[in-house]
Number of protein chains: 2
Amino acid sequence: MSDLDPEEFRRLGYAVVDWIAQYRAGLADLPVRPDVEPGRVREQLSATLLSPGLPEEPRPLTALLDEVDRVVVPASTHWQHPGFFGYFPANASLHSLFGDMLSGGLGAQGMLWTTSPAATEVEQVLLDGLAAALGLGPEFAFTGGGGGSIQDSASSAALVALLAALNRSSPEWQERGVDGTERVYVTAETHSSLAKAVRVAGLGARALRIVEPSPGSLAMSPTALADAMRADADAGLRPVLVCATVGTTGTGAVDPVREIARAAAGQGAWVHVDAAWAGVAALCPEHRHLLDGVELVDSFCTDAHKWLLTAFDASLLWVRDAAVLPAALSITPEYLRNAATQSGAVVDYRDWQVPLGRRFRALKLWAVVHGHGLSGLREHIRSHVALADELAGLVRADPGFTLAAEPSLSLVCLRVVTGAGPEADDNATRTVLERVNASGTAFLTHIVVDGRYAIRVAIGSVTTESSHVKALWKRLRTEAAGCLTKSSDDRVDPATSG
Amino acid sequence: MSDLDPEEFRRLGYAVVDWIAQYRAGLADLPVRPDVEPGRVREQLSATLLSPGLPEEPRPLTALLDEVDRVVVPASTHWQHPGFFGYFPANASLHSLFGDMLSGGLGAQGMLWTTSPAATEVEQVLLDGLAAALGLGPEFAFTGGGGGSIQDSASSAALVALLAALNRSSPEWQERGVDGTERVYVTAETHSSLAKAVRVAGLGARALRIVEPSPGSLAMSPTALADAMRADADAGLRPVLVCATVGTTGTGAVDPVREIARAAAGQGAWVHVDAAWAGVAALCPEHRHLLDGVELVDSFCTDAHKWLLTAFDASLLWVRDAAVLPAALSITPEYLRNAATQSGAVVDYRDWQVPLGRRFRALKLWAVVHGHGLSGLREHIRSHVALADELAGLVRADPGFTLAAEPSLSLVCLRVVTGAGPEADDNATRTVLERVNASGTAFLTHIVVDGRYAIRVAIGSVTTESSHVKALWKRLRTEAAGCLTKSSDDRVDPATSG
């Protein structure tokens with residue numbers, strides 16, 4: 001037997017669990033982002049792992065854990081750190097790890113129903129349950145004719161939605177491919193994965209229409225959308241898909257889903273809602289307005305692996321017609337034919353995605369729902385929204401800072417105010433971000449809003465609490481004050497400013 | 001803090017490790033495939049999980065493990081069972097689980113180098129090391145100007161290879177998309193993921209050219225390929241990509257890579273080698289001839305998650321030019337800009353794939369290489385090839401069976417011989433497969449070769465040993481004898497055969 005003896009697995013598995021427990025317990029003391037040069041890890045690891053080639057003989061697990069401690073941890077950006085405020089969070093809660101471990105233990109391949117009935121049906125039940133909990137409406141549940149699936153990412157969810165839209169839009173698509181008349185509607189704030197999906201699907205960038213925002217906002221203007229679609233249709237082009245974003249990556253802006261769906265309906269365009277980050281907030285009744293109109297759209301995506309405690313990858317994609325993805329994506333060679341598929345009584349999730357194989361990802365989502373309960377999930381969301389409110393209040397009250405956009409759920413975008421004009425504010429904001437990141441106590445990323453540089457504070461790591469946000473605020477103020485002092489020093493004696 | 005206390009995680013984590021150890025230890029006693037009706041799991045789980053909606057309050061982990069025992073295990077196809085001979089194996093070795101656990105523990109998101117330098121560079125080092133161990137040639141290593149990446153599946157690897165090929169083939173592709181003149185060359189035995197990639201990329205089925213095999217084989221004829229490409233080019237069409245398969249899904253046939261690469265070179269077509277299952281065998285010098293000519297191709301894919309002990313998903317894709325995938329796939333919005341990327345000194349793996357996010361999958365591959373060593377990996381491959389040789393010998397020596405194709409590595413395709421003609425053989429073979437599967441002792445899938453139904457015996461589960469193959473053979477003979485008896489009974493008195 002070329003695998004470990006189960007008893008040996010138990011002993012070593014405990015050691016790995018211990019390693020994780022210790023890593024998580026000590027996480028807050030590590031710098032969020034490493035100070036490491038490109039190539040350093042390759043250099044270190046090549047010395048032990050490629051000398052001259054990969055090791056011929058097995059090595060003990062302890063040696064692997066040592067290498068991870070020595071090489072990996074010091075060169076990692078710690079996404080689970082309570083001071084991680086970059087991008088969007090990538091929650092990998094400890095409960096979710098249990099589900100992932102079980103998934104690996106079972107080692108099932110859920111490409112077809114028949115290749116692991118439980119993997120498919122657990123996913124169906126969970127996604128039906130979550131559709132209800134999010135208030136998506138019964139039409140998105142399998143029991144209502146639609147259904148959900150776990151994709152690896154919102155990028156892939158957008159791609160398969162686009163493929164389903166192309167298939168619906170033209171009976172020629174499967175045989176003749178795209179024809180250059182397809183058009184896809186987004187805004188300048190839409191996630192780049194839509195542009196990527198358009199490229200992957202062979203449409204080319206010319207197919208992408210950037211719809212103007214409503215005046216004074218970053219949200220898509222339904223009027224501008226309707227005008228753009230009408231003009232295209234009049235020119236013999238085909239409006240195939242509109243992507244409405246609930247919670248843009250930049251500032252958390254929310255496109256008006258209901259009005260967009262109404263405008264798209266007139267042109268027969270597919271409406272996809274990308275709520276990758278913000279969608280899970282709809283578990284809380286007070287945030288459900290974000291999804292107003294979602295009952296009118298064709299597909300809806302939100303990521304359990306961003307802000308819903310579930311380790312990557314677990315992007316949840318619902319469609320209001322369970323037949324659309326298989327209709328677009330199914331190709332069945334002889335070796336995949338089976339009685340269950342032919343009966344039509346089952347879902348084969350391979351036909352809901354590009355890859356053939358799939359892991360039993362529903363287990364980690366189940367472990368999260370099970371371990372936290374809906375009440376715990378809501379508390380998780382609410383606690384971060386409250387922290388963002390707190391931070392936004394501090395920013396508003398401080399003349400040295402300003403909000404770069406209205407805060408959205410747990411995302412706060414801010415700028416330093418120097419009093420020396422927007423260019424100086426840009427520079428100071430950039431410097432403050434760099435200094436905070438260099439401090440290792442927090443990690444921030446940036447965005448450009450209305451042409452101006454802003455710091456994004458995306459609150460949402462599993463262990464982020466009030467103290468971490470307070471510490472960040474203190475650090476922001478200190479670094480901003482340092483910039484101001486330095487910049488007034490500069491004014492006094494530019495020659496010495498180096 | 002909304003996550004588990006590390007000490008609590010430790011206690012519960014041990015329980016999950018125990019569950020896995022117990023599941024794996026008892027696996028051989030479970031039926032490989034469940035006897036379950038469509039909808040049964042949904043029914044059972046809805047009663048506990050959706051009554052009326054997902055649970056409001058947290059539940060103890062023990063309750064989850066109980067549900068998994070009660071609902072999931074009895075409705076699972078056990079891919080890690082030593083009697084699993086279906087499809088291709090999906091090795092999820094216990095060593096690989098350690099790496100996956102560590103990946104979840106770190107919870108890093110490796111989309112960019114800067115979002116987790118270690119995640120990127122560990123992957124680079126491992127893939128350089130494996131390229132050398134497989135004999136791919138230095139040009140496929142980062143140190144040689146190429147490089148490898150871990151994709152989720154060979155399907156996705158084929159898709160990104162096609163996208164890179166489209167980008168190379170036309171400077172207009174990114175702006176104007178595909179134009180209908182692209183052609184992609186495969187055989188009737190090529191995996192359906194190529195047809196899917198062609199559809200996804202917007203080319204339509206008309207772009208897919210099915211090249212004839214060499215006479216008397218199932219492998220692509222280089223002459224037929226050259227003729228097809230020339231005819232297309234003469235007609236103003238563009239040969240964009242040729243897929244050569246090393247180890248087809250049906251019978252393990254091997255396309256002649258060197259001759260195909262030569263033929264393709266004349267037309268400037270990209271050559272992708274899909275060695276999803278068989279490629280890993282090249283770790284053994286005696287099987288390296290399978291990859292003859294691979295130094296001439298553009299991209300090469302083999303799955304660590306099939307027959308190389310690494311839990312899904314870990315499909316390894318190498319390209320001989322590290323710039324081709326980013327050139328085809330990169331789109332950079334403001335929030336992903338960073339100094340490391342701009343320096344050009346790093347690899348951002350998001351540009352090597354369709355999804356933006358990515359897990360630290362290299363850890364599970366590392367854990368496998370570390371825990372088994374190259375010698376252990378070779379032993380794993382060799383043991384299964386030896387078992388297949390043994391089985392093929394038994395088939396050859398038994399007049400009641402015949403090989404449906406030459407055995408390939410660890411894949412044996414066989415048919416029952418009734419003496420009553422090919423139709424009767426088809427029926428008996430189908431019946432034998434159904435009965436073996438119904439017995440629960442082994443799981444087999446089928447293929448059609450030259451219009452005839454055949455049983456595929458894909459040896460390769462981590463724990464499959466000689467005794468399991470012997471038991472399968474005994475069962476095959478018993479069931480075949482049963483068919484013959486029944487069919488002669490039928491002949492005696494058809495009226496009683498029901």
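The values are calculated or read from the model by the stated rules, or taken from the named source; none is laboratory data. It should be emphasised that the depicted structure is a prediction, and the values quoted were computed from it without experimental measurement. Reconstructed Cβ throughout: ideal geometry from the backbone, glycine too, with neighbour counts over all protein chains shown. Ligands, DNA and RNA are excluded from the accessible area calculation, which covers all protein heavy atoms including side chains. Shrake-Rupley method; radii C 1.70, N 1.55, O 1.52, S 1.80 Å.
Quick check on this structure: which one of B:Asp351, B:Asp321, B:Asp313 is modelled with pLDDT of 95 or more, under 25 Å from B:Gly279 (Cα atoms) and within 7 Å of another protein chain (Cβ to nearest Cβ)? Show your work before the answer.
Details: B:Asp351 fails: within 7 Å of another protein chain (Cβ to nearest Cβ); B:Asp321 fails: within 7 Å of another protein chain (Cβ to nearest Cβ).
After ruling out the rest, the residue left standing is B:Asp313.
So that you can scan it fast, the table gives a plain yes or no per residue for (1) over 18 Å from the mean Cα position of the chain (by Cα); (2) open to solvent by 10 Å² or more (accessible area, probe 1.4 Å); (3) not charged (D, E, K, R):
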{"site": "B:Leu403", "(1), (2), (3)": "yes, yes, yes"}
{"site": "B:Pro407", "(1), (2), (3)": "yes, yes, yes"}
{"site": "B:Val417", "(1), (2), (3)": "yes, yes, yes"}
{"site": "B:Glu423", "(1), (2), (3)": "yes, yes, no"}
{"site": "B:Ser461", "(1), (2), (3)": "no, no, yes"}
**Request:** Among the residues of segment A:346-385, write down those that are small (Gly, Ala, Ser), under 21 Å from B:Val36 (Cα atoms) and open to solvent by 10 Å² or more (accessible area, probe 1.4 Å).
**Result:** none
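Before we move on, is B:Glu43 loosely packed, with under 14 Cβ neighbours inside 10 Å, over 18 Å from A:Asp100 (Cα atoms) and among the acidic types (Asp, Glu)? First the steps, then the outcome.
Numbers: loosely packed, with under 14 Cβ neighbours inside 10 Å: yes; over 18 Å from A:Asp100 (Cα atoms): yes; among the acidic types (Asp, Glu): yes.
Here the answer is yes, as B:Glu43 does meet what is asked.
Counting just the residues of segment A:52-86 that are in contact with a Lys or Arg (Cβ under 8 Å, 6 or more places away or on another chain) and of a type outside the set (Val, Ile, Thr), which one comes out farthest from the other protein chains (Cβ to nearest Cβ)? So that I can check it myself, show each step before the final result.
Residues of segment A:52-86 in contact with a Lys or Arg (Cβ under 8 Å, 6 or more places away or on another chain): A:75, A:77-78, A:80, A:85-86.
Those still in the list that are of a type outside the set (Val, Ile, Thr) too: A:75, A:78, A:80, A:85-86.
Details: A:Ala75: 4, A:His78: 8, A:Gln80: 4, A:Phe85: 13, A:Gly86: 8 Å.
It comes out as A:Phe85.
How many residues does segment A:88-103 hold that are at the interface with chain B (Cβ under 7 Å from one of its Cβ atoms), in contact (Cβ under 8 Å) with a residue 24 or more places away in the chain and buried (at least 24 other Cβ atoms within 10 Å of the Cβ)? Full working, then the answer.
Taking segment A:88-103 and keeping what is at the interface with chain B (Cβ under 7 Å from one of its Cβ atoms), we get A:90, A:92-95, A:97-98, A:100-102.
From what's left, in contact (Cβ under 8 Å) with a residue 24 or more places away in the chain: A:90, A:92-95, A:97-98, A:100, A:102.
Those still in the list that are buried (at least 24 other Cβ atoms within 10 Å of the Cβ) too: A:90, A:92-95, A:97-98, A:100.
Looking only at that region, the number is 8.
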**Where B:Ser343 falls short, out of the listed (1) surrounded by fewer than 24 Cβ atoms within 10 Å (Cβ to Cβ); (2) touching a helix residue (DSSP H, G or I) at 6+ places or on another chain (Cβ under 6 Å); (3) within 12 Å of chain A (Cβ to nearest Cβ)** = (2)
**Fill in**
Among (1) under 30 Å from A:Tyr335 (Cα atoms); (2) of a type in the set (Gly, Ala, Ser); (3) in a loop (DSSP other than H, G, I, E, B), A:Ser103 falls short only on (3)
**Asked** Hey, A:Phe360 hits all of (1) touching a helix residue (DSSP H, G or I) at 6+ places or on another chain (Cβ under 9 Å); (2) over 30 Å from A:Ala201 (Cα atoms) but one; which does it fall short on?
**Response** (2)
**Asked** If you check B:Gly202 against the conditions, is it among the small types (Gly, Ala, Ser), assigned to a loop (DSSP other than H, G, I, E, B), touching a helix residue (DSSP H, G or I) at 6+ places or on another chain (Cβ under 9 Å) and buried (at least 24 other Cβ atoms within 10 Å of the Cβ)?
**Response** yes
**Message:** Taking the conditions exactly as written (within 14 Å of another protein chain (Cβ to nearest Cβ), touching a residue at least 40 places away in the same chain (Cβ under 8 Å) and crowded, with 21+ Cβ neighbours inside 10 Å), does A:Ala197 satisfy them or not?
**Reply:** yes
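Does segment B:413-430 hold any residues that are under 24 Å from B:Phe88 (Cβ atoms) and touching a residue at least 24 places away in the same chain (Cβ under 8 Å), and which are they? Write out each step before concluding.
From segment B:413-430, those under 24 Å from B:Phe88 (Cβ atoms) are B:413-416, B:426, B:429-430; that's our starting set.
Passing the criteria: B:Cys413, B:Leu414, B:Arg415, B:Val416, B:Asp426, B:Thr429.
Tell me whether segment A:291-298 contains one or more residues that are in a loop (DSSP other than H, G, I, E, B), at pLDDT below 95, more than 9 Å from every other protein chain (Cβ to nearest Cβ) and at positive phi. If you could, list the steps in order and put the result at the bottom.
If we filter segment A:291-298 for residues that are in a loop (DSSP other than H, G, I, E, B), which is where we start, we get A:292-293, A:297-298.
Next, from what is left, pick out any that are at pLDDT below 95: none.
Checked against the condition, which is being in a loop (DSSP other than H, G, I, E, B), at pLDDT below 95, more than 9 Å from every other protein chain (Cβ to nearest Cβ) and at positive phi, segment A:291-298 yields no hits at all.
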**Top-ranked residue in segment B:1-38 [being within 7 Å of another protein chain (Cβ to nearest Cβ) and not in a helix (DSSP H, G or I); ranked as nearest to B:Thr464 (Cα to Cα)]** = B:Pro34
**Request:** With respect to B:Arg358, determine if the residue is part of a loop (DSSP other than H, G, I, E, B), under 29 Å from A:Asp152 (Cβ atoms) and among the basic types (Lys, Arg).
**Result:** yes
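In segment B:243-288, what residues are part of a loop (DSSP other than H, G, I, E, B) and over 17 Å from the mean Cα position of the chain (by Cα)? Walk me through it before giving the result.
Let us first name the residues in segment B:243-288 that are part of a loop (DSSP other than H, G, I, E, B), namely B:247-253, B:255-256, B:266-269, B:275-277, B:284.
Of everything in segment B:243-288, those that are part of a loop (DSSP other than H, G, I, E, B) and over 17 Å from the mean Cα position of the chain (by Cα) turn out to be B:Asp255, B:Pro256, B:Gly266, B:Gln267, B:Gly268, B:Ala269, B:Cys284.
Please work out if B:Glu390 is over 17 Å from B:Phe84 (Cβ atoms), out of contact with any Asp or Glu (no Cβ under 8 Å at 6 or more places or on another chain) and part of a helix (DSSP H, G or I). Give the derivation first.
Details: over 17 Å from B:Phe84 (Cβ atoms): yes; out of contact with any Asp or Glu (no Cβ under 8 Å at 6 or more places or on another chain): yes; part of a helix (DSSP H, G or I): yes.
Answer is yes for this residue.
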**Lone qualifier among A:Ala15, A:Ala75, A:Ala25, A:Ala21 - being open to solvent by 10 Å² or more (accessible area, probe 1.4 Å), in contact with a Pro (Cβ under 6 Å, 6 or more places away or on another chain), more than 23 Å from A:Leu391 (Cβ to Cβ) and not assigned by TED's automatic domain parsing to the domain that holds A:Trp277** = A:Ala25
**Prompt:** How about segment B:238-267: which of its residues are open to solvent by 40 Å² or more (accessible area, probe 1.4 Å) and more than 18 Å from B:Gly293 (Cα to Cα)?
**Reply:** B:Arg238
